[in-house]
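K.L.:
If you scroll down you'll find the structure; I have some questions about it.
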Amino acid sequence: MEFQSIVSSLFEGFYVNCFIFAMTLLMALPLGLIISFGSMAKFRPIKWLTKTFVWIIRGTPLMLQLFVVMYAPGILFEIPINSRMTAVLIAFVINYAAYFSEIFRGGIESIPRGQYEACQVLGMTKSQAFFKVVLFQVIKRIVAPISNEVITLVKDTSLARVISVAEIIMCAERFTKKGLIWPLFSTGIYFLIFNGILTLLFGYIEKKLDYYKG
Amino acid sequence: MSILEIKNLTKSFGKTEVLKGVSFSMEEGEVVSIIGSSGSGKTTLLRCANFLEKADSGQIFLDGNLFYDGQDKKKISPAELRQKQLNFGLVFQDFHLFPQYNVIDNVMLAPLLLAKEQEDYKQNKKEIEQQIRKNAEEILDRVGLSDKLNNYPCELSGGQKQRVSIARALALKPRILFFDEPTSALDPELTGEILKVIRKLASEHVTMVIVTHEINFAQGVSDKIIFMADGVVIEEGTPEEVIQNPKNERTRHFLHKMNEK
């Protein structure tokens, strides 16, 4: 096996990780915001339903959730899921949305009530108050915890292999059968570089948002 | 006709009765100061008048028209509430400026959002925005902050922050401007600049209701003083009547205590 074809096979695997990462982020962030509204709802049943949901998702392993999404529809309802990638994305998006929702909730609840009251007496609607005044302050407060989750997400994408989605570590492991260990080791480098870039990016965002205090 | 008339306003939080039937009225261009010890219900009265709290019963009249009725259990729609709210401005004790916007944007934000709802906004976008900016600059000049337009709230002193928040309220041209202890969160040496701004507004005949602990200031600036205790108005009248010659024992006691400080 020549070096180049191994590297290109690893790149193919890592493309899958990147795809899972990007799609999860893209869908889990807005979904997380919606779930956070649910967990702050004044209407009790919605609030408790959401809280129970978040508890279950955060309280069980992502690996188990992957298996459930993959096999439950087919075995229980005889509507098998059509693609493994779909199963991966459903499980990841729900799982990460639950974590994000708690970060959003914490951020939103940390904004002083006075900000909303100031908006109200200035004749703003509730949505104007949220989108024009509160949201930006929330973002500033949650950049650090979100960056933690995002970096965890990069590494979690390799869990997709448990339902046989050929992500980078699964690709690398194949080469151990041929007596090669370095492809497996080298996968770490992909993750390190990717997370290094993310760390720099989040550092940049934090710095950009540092123009004001409070 | 009175611009504002409040009749028998009551408000309870749980079992605590904070307002037990408060009434007063004021004319356009007047300055009314509300004094009284902490817990007398002054702030709650302002918050009810500005719809930050819902009064349990009683009425508010604006220009003689029924404006709010506590007995009316029908829910006011958010749009209607906003329309009503815009008649009043409120300056908070703790400013509540928007930290991510600079001074001029803090003042312009609400008028801009409001302008976007005008029908001709899209055609005359530029002129409308220029007009709002010009207006904001003028108001900031009136409160003496024309050199701070591009500063952020975190870069300002408490007194400057409070002046921005006064400008922010004025930018919407409220019929009545309410102040909730505007100097209480400030260092003593900074209260003067706020009182000066309020005096200036009074001389320009801005209709104002001021909840304050600054008795001397209230005496100088007000047309009418209201003394509140335990959720009711104990005494009201001109500064001469209430502060120089209080009739009620509790007013005398309160003023005496304030003098000792």
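The values are calculated or read from the model by the stated rules, or taken from the named source; none is laboratory data. Computed from a prediction, not measured in an experiment: that's the story for all the values here. Ideal geometry is used to build each Cβ from the backbone, glycine not excepted, and the neighbour counts take in all protein chains shown. Note: accessible area is taken over every heavy atom of the protein model, side chains too, but ligands, DNA and RNA are not part of it. Shrake-Rupley method; radii C 1.70, N 1.55, O 1.52, S 1.80 Å.
K.L.:
Only one of A:192, A:184, A:201, A:180 is over 15 Å from residue A:85 (Cβ atoms) and not in a helix (DSSP H, G or I). Can you tell me which?
P.N.:
Exactly one residue qualifies, and that residue is A:180.
K.L.:
Enumerate the pairs (first residue in the stretch B:180-207 and touching a residue at least 60 places away in the same chain (Cβ under 8 Å); second residue anywhere and open to solvent by 20 Å² or more (accessible area, probe 1.4 Å) and part of a helix (DSSP H, G or I)) with beta-carbon separation below 6 Å, excluding pairs fewer than 6 apart on the same chain, so at least 6 apart or on different chains.
P.N.:
Final answer for the pair search is B:180/B:43.
K.L.:
Restricting to the stretch B:126-153, what's the tally of residues that are part of a helix (DSSP H, G or I) and open to solvent by 40 Å² or more (accessible area, probe 1.4 Å)?
P.N.:
Selection size over the stretch B:126-153: 11.
K.L.:
List every residue pair whose Cβ atoms lie under 7 Å apart, where the two residues are 6 or more positions apart in sequence or sit on different chains, the first residue falls within the stretch A:56-83 and is in a helix (DSSP H, G or I), and the second residue, located anywhere, is aromatic (Phe, Trp, Tyr).
P.N.:
Once the first residue is in a helix (DSSP H, G or I) and sits in the stretch A:56-83, its partners that are aromatic (Phe, Trp, Tyr) give A:58/A:99.
K.L.:
Continuing with the same structure: Take residue B:234 and tell me if it is more than 14 Å from residue B:30 (Cα to Cα) and either crowded, with 21+ Cβ neighbours inside 10 Å or touching a helix residue (DSSP H, G or I) at 6+ places or on another chain (Cβ under 9 Å) (or both).
P.N.:
The answer is yes for residue B:234.
K.L.:
Still on this structure, I have one more. If you go through the stretch A:69-97 one residue at a time, how many are open to solvent by 50 Å² or more (accessible area, probe 1.4 Å) and modelled with pLDDT of 95 or more?
P.N.:
Final tally of qualifying residues: 2.
K.L.:
Can you tell me which residue is farthest from the other protein chains (Cβ to nearest Cβ) among those in the stretch B:72-104 that are touching a residue at least 60 places away in the same chain (Cβ under 8 Å) and farther than 23 Å from residue B:183 by Cα?
P.N.:
B:87
K.L.:
Go over the candidates B:25, B:12 one by one and state the one that is assigned to a strand (DSSP E or B), in the same structural domain as residue B:223 (by TED's automatic domain parsing) and within 16 Å of the chain's Cα centre (by Cα).
P.N.:
B:25
K.L.:
Shifting gears a bit: When the stretch B:170-203 is examined, which residues are found to be among the charged types (D, E, K, R), assigned to a loop (DSSP other than H, G, I, E, B) and under 11 Å from the mean Cα position of the chain (by Cα)?
P.N.:
B:175, B:181
K.L.:
Still on this structure, please answer the following. Can you tell me which of (1) within 15 Å of the chain's Cα centre (by Cα); (2) open to solvent by 10 Å² or more (accessible area, probe 1.4 Å); (3) modelled with pLDDT of 95 or more is the one residue B:94 doesn't meet?
P.N.:
(3)
K.L.:
Tell me which residues, restricted to the stretch A:98-119, are more than 30 Å from residue B:54 (Cα to Cα) and either open to solvent by 50 Å² or more (accessible area, probe 1.4 Å) or within 14 Å of chain B (Cβ to nearest Cβ) (or both).
P.N.:
A:99 - this is the single residue of the stretch A:98-119 that is more than 30 Å from residue B:54 (Cα to Cα) and either open to solvent by 50 Å² or more (accessible area, probe 1.4 Å) or within 14 Å of chain B (Cβ to nearest Cβ) (or both).
K.L.:
Test of understanding: among A:173, A:206, which residue is in a helix (DSSP H, G or I), more than 14 Å from chain B (Cβ to nearest Cβ), closer than 30 Å to residue A:84 by Cα and open to solvent by 30 Å² or more (accessible area, probe 1.4 Å)?
P.N.:
So the residue among A:173, A:206 that is in a helix (DSSP H, G or I), more than 14 Å from chain B (Cβ to nearest Cβ), closer than 30 Å to residue A:84 by Cα and open to solvent by 30 Å² or more (accessible area, probe 1.4 Å) is A:173.
K.L.:
Could you list all residues from the stretch B:154-189 that are more than 11 Å from every other protein chain (Cβ to nearest Cβ), among the basic types (Lys, Arg) and buried (at least 17 other Cβ atoms within 10 Å of the Cβ)?
P.N.:
B:163
K.L.:
Out of (1) farther than 28 Å from residue B:240 by Cβ; (2) within 14 Å of chain A (Cβ to nearest Cβ); (3) open to solvent by 10 Å² or more (accessible area, probe 1.4 Å), what's the single condition that is false for residue B:50?
P.N.:
(3)
K.L.:
So, one more: Using the structure shown, decide if residue B:38 is more than 13 Å from chain A (Cβ to nearest Cβ) and polar (S, T, N, Q).
P.N.:
Judged against the criteria, residue B:38 is a match.
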